[in-house]
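*Asks:* Below is one structure. I have some questions about it.
What follows draws every value from the coordinates through simple rules; no lab data is involved. Keep in mind that what you see is a predicted model, and the values were worked out from it rather than measured. Cβ placement follows ideal geometry from the backbone for every residue including glycine, while neighbour counts extend to all protein chains displayed.
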Amino acid sequence: MLTGLVVGKFAPLHKGHEALIAFAQAQCDRLVILSYSKPELAGCPPDRRAVWLAALYPDALRLVLDDAALAAFAARTGAAPQILPDNDAPDEEHRSFVAWVCRAMLGLTVDRVFTSEAYGEGFAASLARHFDHPVQHVMFDRDRVRVPICATRLRADPALHRSFVCPTVRRDLVRRVALLGGESTGKTTLAAALAQRLGTLWVPEYGRELWEERDGELWFDDLLAIAREQIAREDDAREDATGWLVCDTSPLVTMFYSEAIFARVDPELGRLARRHYDATIVCAADFAFVQDGTRQDDAFRDRQGRWYRDQLDRAEISHSIVRGTVLARVEAALSYLGSVDMLGASGGVERVLTR
């Protein structure tokens, strides 16, 4: 059985990587795809990369690693503890690590290495020494003629995602920020202004739309339907958003209204209220309450704000509270989004599937 190897950060996985992997799959019986990065790169944590590779290459032997996964492997097997080499470590350190992964973690060696880089020849020669048999380097599109893109450019310019990233990956690269706040706290105004500054889309509050359409009459079952529709609209908007998708509510808001109006919450709505957002911003009630004919009163607004903050604190969800003018809120929101740690904690990633 001829075994090939492709190694990359895949941060993000783009059509150039896809072309390389397709080229490799056509020239071997079994393909190993290995991914690691230290440090991790923003927006592309190991769990996310593992999902991408699993979706696109279910028949490949895939391994996405971080230090936690290596520690778990050592604890499980009694192997000597290993850590990922830094991205800027010497070439031979990476080559030795890859050889160890192949032998120790996968129980195999490889016959061919597929790259689009000048280092490929040295990489193959090093693996041949570690494996004690020939390893051939096969170059693919070194000058990036077939797919003129690299991950560095994609990370710097998210607008390029539309052309060079497949839909499965592109949806994951769009991060959602949820805006919360009581009635008359400027949430919708902030959503529109923030989306404009970010050059992206925002998703209006469907519950408000339905409330107005029904002249303020909603039934208990409507609340679950509102949450489902809001999520569906967010998912649809994610197809065309760039970088961030601004959400002018979340199912948590719908859950509040269910409790406030009906004193009960559908179990499914309770589950949807735990929907993950990459960032959460709460609008402070720091200006006079404005009655537009559909809102309740200042006391209700304060109750809302306290409830949202309490729920976020209980769930240990990091969030930012913005205050002041629209401009001040936009600037604070942009600063917060810029500081959000998008890497997340993988808890140890190891994704392998043999065919």
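*Asks:* With 21 Å as the cut-off, how large is the P(r) tail for the range 140-236, expressed as percent of Cα-Cα pairs?
*Replies:* Considering the range 140-236, 52 percent of its Cα-Cα pairs are separated by more than 21 Å.
*Asks:* Spin-label point model (7 Å from Cα, Cβ direction): what's the residue 88 to residue 284 distance in nm?
*Replies:* Modelled inter-label distance: 3.9 nm.
*Asks:* I would also like to ask the following. Whole Å is fine, so just give me how far the alpha carbon centre of the range 233-282 lies from that of the range 28-67.
*Replies:* For the range 233-282 versus the range 28-67, the Cα centre distance is 30 Å.
*Asks:* Cα-based Rg of the chain per 2.2 N^0.38 Å, rounded to two decimals?
*Replies:* Against the compact-globule rule of thumb, the ratio is 1.20.
*Asks:* A further question follows. What Kirkwood hydrodynamic radius, in Å, does the range 174-339 give when the mean of 1/r is taken over all pairs of distinct Cα atoms and then inverted?
*Replies:* About 16.0 Å, per the Kirkwood formula over Cα pairs.
*Asks:* What ranking of 320, 184, 335 emerges when the number of other C-beta atoms within 10 Å of each C-beta is taken as an exposure proxy, fewest first?
*Replies:* 335, 320, 184
*Asks:* Just to confirm the filter: which GluC sites (Glu not before Pro) across the range 159-226 are DSSP coil and have at most 11 other Cβ within 10 angstrom of their Cβ?
*Replies:* Of the GluC sites (Glu not before Pro), the ones in loops of the range 159-226 whose Cβ has at most 11 other Cβ atoms within 10 Å are 217.
*Asks:* Using Cα centres only, tell me the gap between the range 73-146 and the range 7-24 in whole Å.
*Replies:* Answer, in whole Å: 16.
*Asks:* Using a ≥ b ≥ c from the Cα gyration tensor of the range 25-148 (square roots of the eigenvalues), is it rounded, prolate or oblate, where a/c under 1.5 gives rounded and otherwise the larger of a/b and b/c decides, a/b for prolate?
*Replies:* Note, shape of the range 25-148 comes out rounded.
*Asks:* I've got another one for you. Grab the DSSP H runs of the chain that are 4 residues or longer, score each as -39,500 (n - 2.57), total them, divide by all residues and round the 222 nm result to the nearest 500 deg cm²/dmol.
*Replies:* -13500 deg cm²/dmol
*Asks:* Only helices at least 18 Å long along their axis, Cα-based, and averaging 0.0 or more on Kyte-Doolittle count here, so list those DSSP H runs from the chain.
*Replies:* Counting only whole DSSP H runs, the qualifying helices are 326-339.
*Asks:* Could you give the nm distance between label points at residue 233 and residue 314, where each point is 7 Å from its Cα heading toward the beta carbon?
*Replies:* 2.7
*Asks:* Would you mind computing, in nm to one decimal, how far apart the modelled labels at residue 79 and residue 27 are, each placed 7 Å from Cα along Cα→Cβ?
*Replies:* 2.7
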